[in-house]
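Here is the structure we will look at, set down as structure tokens.
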Amino acid sequence: MISLLKLVCQCLLSLIILSFYACKDSNQKLAISSSEPIIKNISEPESWKFVAFGDCRGHSSEDPVNVPVLQKLVAEIIKQEVDLVMFTGDICYGHANRKELGDQGALEDLKRQMLLFRKTIDPLYKKGIKVYIVRGNHEATQRYPDVAGTADHRPIWPETKKVWDNVFGDSYQMPQNGPDGEKNLTFFDTHKNALIIGLDLYTARDDKVNADGSIPKPSTKRIHQKWLDSILAIHDKPHVFAFTHEPAFKVDHQDCMHGDTSYKLDYSKYRDQFWQSLQEAGAKAYFCGHDHGYALAAVTDTINTKKDTIYQVVVGTAGAGKSIAPVYDGYNTHHRVTPINTSKSYGFVLGEVTGTTARIFYRYLDEQENFQNQKPIELIK
């Protein structure tokens, strides 16, 4: 009887001790968890934002950048708390004037203009926003020889790349992974769940050279397709955002990636190769400038009907003017171009990415200098 009572007492004592330590352990865990940050459910899709815009150039070397407009846009972009910016070229008036200034003088003037642009957008860098920039024709061309009325009017001057590399070097440089001869001009980068591709249109694609060392325009307006194909072949991101300076399909200017209808130059076979590569990669939007204003169009392949629509987004909206008047009557081959929206205003395209879906909308300055939004377009992967 005494042994049985002793056994019961021992059992009760053990239960009391275990309960004490269990309680203590629970309190410790509570104390630890209350001091730790709350971790988001990893199944929630990550959200982030980007901006696309371009063409802030002025209209003379004395007024090379529309600084007041560009400053307003930069300030608003910072308020939107975006991760990155894609700038589609024509950052300054440029047109290196060798005829009046000589070779060295023209390059020094071009550098001065480019540095003014860099200074104006510097707040983006200071906020830690990634800035990707491609060249426009104004940064690459020259004014001597200046053969008006010909396809070679204001040809490409290779020396301008040295200025570009100097201004956009060190912490300002683009990803250094482009093809030989185009590093800092053509490049790619990945950001979270997206592949970002910047493409140069003003590198020679053949060996034709003018007597003064400049490059005739018909040798350009094409991207480095082999390089692009190699990048797209290995990417595994759900979103692909490509940008360059000129539209793939004519909008306003007669000259763009399709060729130049003014001189019956048809480059559509190169443009179609480029567009097909975007289709195969699952890209939903292509950003460009050159035309001064905003123009959104849906491009549908009438032969490969299973291919999804890609939106061509013209965002030459950073200060060069408000003259855009879209007419999609270029060398469209088997593509149907359907206009959606247009705006003669200054602003930028804001993109919002959430998981495998994204949407873009145009945010612009109205006549009272207030920012307004157009209806968003959904990009569904």
message: Explain nothing, just the number: relative contact order of the stretch 245-351, from Cα pairs under 8 Å at least 6 residues apart, as a whole percent.
response: 31 percent
- line: Once E378 and D212 are pulled to full extension, the length gained, defined as 0.36 nm per residue separation minus their Cα-Cα distance, is 54.9 nm
- prompt: So how strong a dipole does the stretch 230-287 carry about its Cα centre when Lys and Arg Cβ are +1 and Asp and Glu Cβ are -1, to the nearest 20 debye?
  reply: 100 debye
message: Quick check on packing: order 365-377, 248-260, 294-306 by the mean number of other C-beta atoms within 10 Å, highest mean leading.
response: 248-260, 294-306, 365-377
query: What ranking do 315-323, 105-113 get when scored by the average of other Cβ atoms within 10 Å per residue, highest first?
result: 315-323, 105-113
field: For the stretch 250-259, 3J(HN,Hα) per residue [Karplus equation, 6.51 cos²θ - 1.76 cosθ + 1.60, θ = phi - 60°, Hz, x = Gly/Pro]
entry: 3, 10, 10, 4, 6, 9, 6, 5, 6, x
query: Are any of the pairs K250/K307; K264/K322; K208/K306; K99/K217; K99/K119 more than 30 Å apart by Cα-Cα distance, and if so, which?
result: K208/K306
task: Please list, in chain and number order, the residues 5+ apart from I310 or on another chain whose amide H is under 5 Å from its amide H, with Hs placed from the backbone.
output: V299
Packing-based order for 56-63, 183-190, using average beta carbon neighbours within 10 Å, highest first: 183-190, 56-63
message: Run the helix sum for the chain: -39,500 (n - 2.57) per DSSP H stretch of 4+ residues, divided by residue count, reported at 222 nm to the nearest 500 deg cm²/dmol.
response: -9500 deg cm²/dmol
field: Accessible solvent surface per residue of the stretch 139-201, calculated while the other protein chains remain in place, 1.4 angstrom probe, Å²
entry: 37 Å²
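Using the scaling law 2.2 N^0.38 Å as the reference, what is the normalised Cα Rg of the chain?
Compared with the compact-globule rule of thumb, the chain sits at 1.31.
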- request: Please report, as a whole percent, how much of the solvent-accessible surface of the chain comes from carbon and sulfur atoms (probe radius 1.4 Å).
  value: 54 percent
message: Can you list residues from other chains, or at least 5 along the same chain, whose modelled amide H is less than 5 Å from the amide H of G136?
response: D90, I91
HN-Hα J in Hz across the stretch 131-138 - Karplus 6.51, -1.76, 1.60, θ = phi - 60°, x for Gly and Pro: 10, 10, 9, 10, 6, x, 5, 5
Nearest 10 degrees, 0 to 90: helix 2-35 Cα axis against the chain principal axis: 20 degrees
query: Using the Karplus equation 6.51 cos²θ - 1.76 cosθ + 1.60 (θ = phi - 60°), what ³J(HN,Hα) coupling, rounded to whole Hz, does each residue of the stretch 364-369 give in order, writing x for Gly and Pro?
result: 9, 8, 7, 5, 8, 6
- line: Tilt, helix 268-281 to longest principal axis of the chain (alpha-carbon atoms), in degrees rounded to tens, equals 0 degrees
query: How big is the accessible area of V209 in square angstrom, nearest 10, if you roll a 1.4 angstrom probe over the protein chains?
result: 90 Å²
- request: Show R222, R118 ordered by accessible area, largest first, where the area counts protein heavy atoms only and the probe is 1.4 Å.
  value: R118, R222
query: Taking the Cα centre of each part, how many Å lie between the stretch 241-315 and the stretch 69-130?
result: 25 Å
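The values are calculated or read from the model by the stated rules, or taken from the named source; none is laboratory data. Please read these numbers as outputs of a predicted model, since none were measured by experiment. Positions of Cβ are backbone-derived with ideal geometry, glycine not excepted, and every protein chain shown enters the neighbour counts. SASA here: full protein model, heavy atoms, side chains in, ligands and nucleic acids out. Shrake-Rupley method; radii C 1.70, N 1.55, O 1.52, S 1.80 Å.
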